[in-house]
């Protein structure tokens, strides 16, 4: 049994031994990271805290970053573990020589080295920063290299490639300008916003209007005329076309005139037209309204505006309109209001009938017959003129014999012994109002007059007749008869 003195010595020695064997935590913390070991012989760190200045000789660096406290080794920098740090490459990636696992000096291959820059030697795309290996060298990234690189939002489109190669629908994007549709949806996919059934992008209404969608229908919201199908935006809404909207729409032949508008607004000279009725002049030539001929007042035979059967008392003329026939058919001859008006004209003479079987029927007027009877007809001197002009139309195309009996062919001239075979020419009246002009020089003599005259005598015109042959069904309107020089 130990003596008290020996016991005290044994206890003291044990405590000293214990203290000598207790680990130095502070020292250990300088030698061991939280996740690895750093030794002077080249220990390893895998993300732990670096040592307090002990230098290694060729050890692998930690996978995480640089410690402010950590020491520097010959093989790299030990670092404090954690995400976001800068990894340190092995010595072979900075030795200026091409290692076996590198595709070029200090880069590429299966090595842990950085990838090779443009023009670096490569054997596969993964050797290159650009991800493009062409003919054994790393190529600069482009918008046609079939690799997702640069700032592209999808392969070869979007980002810095958007100007030359915007992304199509269904492809990843970041902003509207990445997309060919100019719309990047909330899910960051290029989308045709014009069919989404929502109002998006610069649409003025759901799926319409703006710079890329179809124009909007009437009643939809708009900002400017181009947002609307009919080209008219008024007070923020697309409105229907009309004949006073300042636009050429509907089937108008020019702005707010002709076509559907012709009943209330005919087109002026120089405006576009398809038919004579589109024009205020009622003359449409080469798809443009042209001016009608100007008739001096003294040359007007009858403009029909007074609504009666008397011709105008101009140029010494005096006479009346009449209808005639062989007595076998029926006809109606009357002044009628024009609807719609033909230019400035509001009234014309209307003649319709059928059933004439013997020699036919017709209408006419005398140039100089103040009494109105057959016995008071007199020749009229038209030597200052070259012909007769008038407007006419028919329900169906109708041929009529235009006749000008003179003193040689009409009994009141006192010359013929066998009369009533007149100077004439055939005129075909169409279904649209048209100006017709018959020149004296175009007249041909109907055979049978005795004695036979040698020329039309314009110094002795007796009457004008429009003759319809037997069997004709006719429905015509005539207007604005005048002499022309």
For the range 453-469, enumerate the residues that are in a loop (DSSP other than H, G, I, E, B) and over 56 Å from the mean Cα position of the chain (by Cα). 453, 454, 455, 456, 457, 458, 459, 460, 462
Being in the same structural domain as residue 335 (by TED's automatic domain parsing) and either under 24 Å from residue 325 (Cβ atoms) or surrounded by 21 or more Cβ atoms within 10 Å (Cβ to Cβ) (or both): is that true of residue 453 here? no
When residues of the range 177-189 are limited to those that are in a strand (DSSP E or B) and under 20 Å from residue 209 (Cβ atoms), the one nearest to the chain's Cα centre (by Cα): 179
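A quick yes/no check of all residues on (1) surrounded by fewer than 15 Cβ atoms within 10 Å (Cβ to Cβ); (2) in contact with a strand residue (DSSP E or B) (Cβ under 6 Å, 6 or more places away or on another chain); (3) in contact (Cβ under 8 Å) with a residue 60 or more places away in the chain:
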site	(1), (2), (3)
412	no, no, no
417	yes, yes, no
435	no, yes, yes
438	no, yes, no
445	no, yes, no
472	no, no, yes
475	no, yes, yes
In the list 252, 305, which residue meets the criterion of being outside any helix (DSSP H, G or I), modelled with pLDDT of 90 or more and closer than 30 Å to residue 459 by Cβ? 305
Hits in the range 454-463 - residues which are within 17 Å of residue 425 (Cβ to Cβ) and modelled with pLDDT under 95: none
Are there any pairs with C-beta distances below 8 angstrom linking a residue in the range 135-157 that is over 20 Å from residue 174 (Cβ atoms) to a residue that is modelled with pLDDT of 90 or more and not in a loop (DSSP other than H, G, I, E, B), with the two at least 6 apart or on different chains, and if so which? 136/121; 137/121; 138/116; 138/121; 138/127; 138/128; 139/128; 139/133
Test result for residue 309, buried (at least 18 other Cβ atoms within 10 Å of the Cβ) and more than 30 Å from residue 455 (Cβ to Cβ): yes
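Yes or no, residue by residue, for (1) out of contact with any helix residue (DSSP H, G or I) (no Cβ under 9 Å at 6 or more places or on another chain); (2) over 30 Å from residue 338 (Cα atoms); (3) not assigned by TED's automatic domain parsing to the domain that holds residue 314:
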{"site": "383", "(1), (2), (3)": "yes, yes, no"}
{"site": "390", "(1), (2), (3)": "yes, no, no"}
{"site": "404", "(1), (2), (3)": "no, no, no"}
{"site": "449", "(1), (2), (3)": "yes, yes, no"}
{"site": "460", "(1), (2), (3)": "no, yes, no"}
{"site": "466", "(1), (2), (3)": "yes, no, no"}
Do you know which of the residues in the range 365-384 that are surrounded by fewer than 18 Cβ atoms within 10 Å (Cβ to Cβ) and touching a strand residue (DSSP E or B) at 6+ places or on another chain (Cβ under 6 Å) is nearest to residue 455 (Cα to Cα)? 378
Keeping to the range 388-403, report how many residues are farther than 16 Å from residue 461 by Cβ and in a strand (DSSP E or B). 8
Which condition does residue 313 not pass, out of (1) farther than 18 Å from residue 466 by Cβ; (2) touching a strand residue (DSSP E or B) at 6+ places or on another chain (Cβ under 9 Å); (3) not in a strand (DSSP E or B), if it passes all the others? (2)
Criterion first (assigned by TED's automatic domain parsing to the domain that holds residue 480 and surrounded by fewer than 19 Cβ atoms within 10 Å (Cβ to Cβ)) does residue 342 satisfy it? no
If I ask for residues that are in contact (Cβ under 8 Å) with a residue 24 or more places away in the chain and buried (at least 18 other Cβ atoms within 10 Å of the Cβ), which ones from the range 312-332 would you list? 315, 317, 318, 319, 321, 325, 329, 331
Failed criterion for residue 160 (all others in (1) assigned to a loop (DSSP other than H, G, I, E, B); (2) closer than 30 Å to residue 187 by Cα hold): (1)
From the list 192, 205, 218, 178, pick out the single residue that is in contact with a helix residue (DSSP H, G or I) (Cβ under 7 Å, 6 or more places away or on another chain) and more than 30 Å from residue 102 (Cβ to Cβ). 178
Please determine whether any residue of the range 48-56 is farther than 30 Å from residue 187 by Cα, outside any loop (DSSP other than H, G, I, E, B) and at pLDDT below 90. no
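The values are calculated or read from the model by the stated rules, or taken from the named source; none is laboratory data. All figures in this text were calculated on a predicted structure; none of them were measured in a lab. Here Cβ is always computed from backbone atoms with ideal geometry, including for glycine, and neighbour counts include all displayed protein chains.
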